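Below is one structure, written out as structure tokens, with a few remarks after it.
The values are calculated or read from the model by the stated rules, or taken from the named source; none is laboratory data. For clarity, every value in this text was computed on a predicted model and none was experimentally measured. Ideal geometry is used to build each Cβ from the backbone, glycine not excepted, and the neighbour counts take in all protein chains shown. We work out accessible area using only protein heavy atoms, side chains counted, and drop any ligands, DNA or RNA first. Shrake-Rupley method; radii C 1.70, N 1.55, O 1.52, S 1.80 Å.
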Amino acid sequence: MTIFVPGTPRIKLTTVLGAPVVYLPMPDPGFPTLEWVEKSYKTDLINGSESCRRLGYIPEITLKWGAYDDRTTEGVAIGLANGNRPSFADLMSILDSAPGSISISPGPSAGGFAAQSWSVKTVGVLPGGFAKDLSITLRGGTICSTKVLGSF
């Protein structure tokens, strides 16, 4: 696992020219987490020994909110303009996009990657329209030779 300074996660649609970068609410303590999934090719040789060829790593970011609160941070507008924070409904519409059309970054000092797959787990909705126990895991599809996120 590489070291990065977590901050406000950012997400962007890459299929729309000039699409805004929106900032997600700060996740629960301990999140976002960045994991590097190793991809390798392993086989047994004729003499019984093993051979392994490491192809690289695929980044995976997990975000979790006890309550997805898009309203209480001062100075952050709600909406889909550049620098705004998406509402829960807006976030779900962004995540309805096709694989490979979303870029994600775990914080302003970290790079990012194009997500090829993602899973959304939520338990329910609290009064006021807040999502309760929302967890989103975004996984890249391009194998990186090093554990460094690209530019975002």
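Residues Lys132, Lys42, ordered by accessible area of protein heavy atoms at a 1.4 angstrom probe radius and largest first, appear as Lys42, Lys132.
Heavy-atom accessible surface of the chain, averaged per residue, reaches 55 Å², computed with a 1.4 Å probe.
The aspartates and glutamates within cross-link reach of Lys42, meaning a Cα-to-Cα straight distance under 14 Å and a gap of 8 or more places when in the same chain, are Glu50. Here the Karplus relation 6.51 cos²θ - 1.76 cosθ + 1.60, evaluated at θ = phi - 60°, turns the backbone of region 9-18 into coupling constants of x, 10, 9, 8, 7, 9, 8, 10, 4, x Hz, with x for every Gly and Pro.
Of the residues Ser119, Ser135, ranked by 1.4 Å probe accessible area with the largest first, the sequence reads Ser119, Ser135. Each residue, Leu17 and Ile143, gets one label point 7 Å from its Cα in the Cβ direction; the gap between the two is 3.4 nm. Sequence-ordered 3J(HN,Hα) estimates for region 34-44 from the Karplus curve with 6.51, -1.76 and 1.60 and θ = phi - 60° stand at 10, 10, 10, 8, 6, 10, 8, 10, 10, 8, 9 Hz, glycine and proline given as x. A 1.4 Å probe over all protein chains sorts Tyr23, Tyr41, Tyr68 by accessible area into Tyr41, Tyr23, Tyr68, starting with the largest.
Here the sum of -39500 (n - 2.57) over DSSP H runs of 4 or more residues, divided by the residues of the chain, equals -1000 deg cm²/dmol at 222 nm, to the nearest 500.
Across the accessible surface of the chain, with the other protein chains kept in place and a 1.4 Å probe, carbon and sulfur atoms take up 54 percent.
Along its first, second and third principal axes, ordered by size, the chain spans 65, 34, 29 Å in Cα coordinates. Structural descriptor for the chain: relative contact order 29 percent, calculated from alpha carbon pairs under 8 angstrom and at least 6 residues apart.
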